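Below is one structure; the comments refer to it alone.
The values are calculated or read from the model by the stated rules, or taken from the named source; none is laboratory data. Being a predicted model, the structure only gives us computed values, none of them experimental. Backbone-built Cβ (ideal geometry, glycine too); neighbour counts: all protein chains shown. Heads up: the accessible areas ignore ligands, DNA and RNA and are worked out on the full protein's heavy atoms, side chains in. Shrake-Rupley method; radii C 1.70, N 1.55, O 1.52, S 1.80 Å.
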Amino acid sequence: MRTAPTILHLDMDAFFAAAEQAAKPSLRGKPVVVGGLGPRGVVATASYEARRFGVHSAMPMAQARRLAPNAAYLVPRFSLYRSVSEQVMAILGQLSPLVEPLSLDEAFVDLEAGGAAHDAPTARATGERLRADIRAATGLTGSVGLAGSKMLAKIASEQAKPDGLVLIEPGTERELLGPMPVRTLPGVGPATGEHLRRAGMTTVADLADAGEDELVRLLGRAHGASLFRMALGHDDRPVVAERDAKSVSVEDTFDVDLHDRVRVRIEVERLAERCVQRLRASGHSGRTIVLKVRRYDFSTLTRSETLRGPTDDPAVVREAAGRLLEAVDTTGGVRLLGVGVTGLTDYTQEDLFAQAAAGAAAEAPEPAPAEAPSGAAAPEPGEPARPEPAERRWAAGQDVRHALYGPGWVQGSGVGRVTVRFEEPWSPPGRVRTFRVDDEDLEAADPLPLLAPASADPAGSPEDGRPEGPGPGESSESAVEPVGPGPTAARPVAAPARPSGLAGADGPPPAGGGPSGPAPAGAAGPARVFGR
């Protein structure tokens, strides 16, 4: 334990939701929920406006929709979050060489190791300067906790939320922790908390009064002794700059249980490919392939296979995952699949069998082309067959760019239409247009930076090349009121200057959307937004 509060914990405020609000001016000050939008989706982050309705992280999305039907529901955009996280971590790296990232939006910093602080006043000044630097670089806010240990610094940052700073003076730990619930301490989850409650312990002071022997009797030697030390405020864990990854994995929860064995196999192969991509991106290879299957009745099975040596070959991982699947009974349906790699190393031992198989495949003669169906037009000699294009899908919150109207984001889609709000992070709330989902002028785009580049025109003047004034299917409002979304839509309500048309389509759009919010002066009525 340190005698000065030189361990800092930074936690960005409602990070994913705050980044979405910063990127979408029409959603600022509105309830925003980020997560999986399917019927089995889970909330990743809720804005503070949404939390007032009881929405919180890890909540089923269906429950969140019942609590906050007027919120905007968006898919995560991890490329944006990673970009902002890199900016924040770079700022932390200027304070100290010892920065321990816990996630994209959370990290410990040893201020003493970098000479950034040596007592309470210098630590507080450093924390305030850090918050200002993060806001200037990203436009987002973060909460800072300062204490003499990692445990107390994290507790302090929780107390500082949102957008605050709390410093815990060394020597006041027992007094501060005493009245707090036992779930405040690291390692006390719902099961342990309930076990302690049945034993009559509900506060940290109760744990300290019970003594180490009683906690060891209840929870075991390691957990009981550790919990007793934390109840006294003792935590000597150092800030560790590099933490070795132990595994790499990906998993998907399906909106509808999978019953087709072939479809299950295809999904496992797809997950294996994604897992290898993450494995290579981290610069690792691994020896043990793990398959996770959660069945229709919520029973979860894991199977693993250890290879002769580490690999990052997608074919090897795919085949191993397929073999593991053969040993799992999927009768009745599968709701979740996952593929992981453990036993990570920094090098790859080539798989000789995989190389031999690849060589044999290369030497095998090409199969004869399949006979074209009767009545089908044969392709010209040398011209590859053109498959039928699949209908494009647009997710609520997705970044797009239109050839005429510029950058925007998807508010919702359905019945062959997609509704887009054209705005930029540094512009006023933008206008809405509706297109066919296959509109050739509309394409997916990369996220824009949250702060305006030096050449950007914050007033959104017509000099950006976009037409001035509302057009077909466009609203001219300056504010937006999100309303109850459908399964895949953000569905904010807009107020058009005239009845909404459909850009690029014949006839008026079908009815949709939800109850309208307050319309700005001069508006004629609510815009229709499609989300089902």
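Here are the numbers for the structure shown:
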{"quantity": "Verdict on residue 311 being among the β-branched types (Val, Ile, Thr), at pLDDT below 95 and loosely packed, with under 14 Cβ neighbours inside 10 Å", "calculated": "no"}
{"quantity": "Unique match (being surrounded by 14 or more Cβ atoms within 10 Å (Cβ to Cβ) and outside any helix (DSSP H, G or I)) among 264, 268, 216, 248", "calculated": "248"}
{"quantity": "The stretch 302-349, residues that are among the acidic types (Asp, Glu) and within 27 Å of residue 260 (Cβ to Cβ)", "calculated": "305, 319, 326, 329"}
{"quantity": "Leading residue by the ranking (farthest from residue 28 (Cα to Cα)) among those in the stretch 81-116 that are of a type outside the set (A, V, I, L, M, F, W, C), buried (at least 21 other Cβ atoms within 10 Å of the Cβ) and touching a helix residue (DSSP H, G or I) at 6+ places or on another chain (Cβ under 7 Å)", "calculated": "105"}
{"quantity": "Every residue from the stretch 48-80 that is outside any helix (DSSP H, G or I), open to solvent by less than 70 Å² (accessible area, probe 1.4 Å) and under 19 Å from residue 409 (Cα atoms)", "calculated": "71, 72, 73, 74, 75, 76, 77"}
{"quantity": "Those residues of the stretch 435-451 which are touching a Lys or Arg at 6+ places or on another chain (Cβ under 9 Å) and aliphatic (A, V, I, L, M), in sequence order", "calculated": "437, 442, 444, 445"}
{"quantity": "Filter pass, residue 114 being more than 23 Å from the chain's Cα centre (by Cα), on the phi < 0 side of the Ramachandran plot and not in a strand (DSSP E or B)", "calculated": "yes"}
{"quantity": "Test for residue 133: is it under 17 Å from residue 84 (Cα atoms) and out of contact with any strand residue (DSSP E or B) (no Cβ under 7 Å at 6 or more places or on another chain)", "calculated": "yes"}
{"quantity": "Lone unmet requirement of (1) assigned to a loop (DSSP other than H, G, I, E, B); (2) more than 30 Å from residue 281 (Cβ to Cβ) for residue 26", "calculated": "(1)"}
{"quantity": "Pairs, first open to solvent by less than 30 Å² (accessible area, probe 1.4 Å) in the stretch 330-346, second in a loop (DSSP other than H, G, I, E, B), C-beta under 7 Å, six or more apart", "calculated": "333/259; 333/296"}
{"quantity": "Entirely in the stretch 129-203, the helices (runs of 4 or more DSSP H) that have 1 or more residues that are in contact (Cβ under 8 Å) with a residue 40 or more places away in the chain", "calculated": "150-160, 173-177"}
{"quantity": "Per-region count, the stretch 24-40, residues farther than 17 Å from residue 410 by Cα and either of a type in the set (Val, Ile, Thr) or without any contact (Cβ under 8 Å) to a residue 60 or more places away in the chain (or both)", "calculated": "1"}
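Residue-by-condition table, conditions (1) at pLDDT 55 or above; (2) more than 30 Å from residue 140 (Cβ to Cβ); (3) open to solvent by 20 Å² or more (accessible area, probe 1.4 Å); (4) of a type in the set (Ser, Thr, Tyr):
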residue	(1), (2), (3), (4)
366	no, yes, yes, no
377	no, yes, yes, no
387	no, yes, yes, no
393	yes, no, yes, no
415	yes, yes, yes, no
430	yes, no, no, no
454	yes, no, yes, no
473	no, yes, no, no
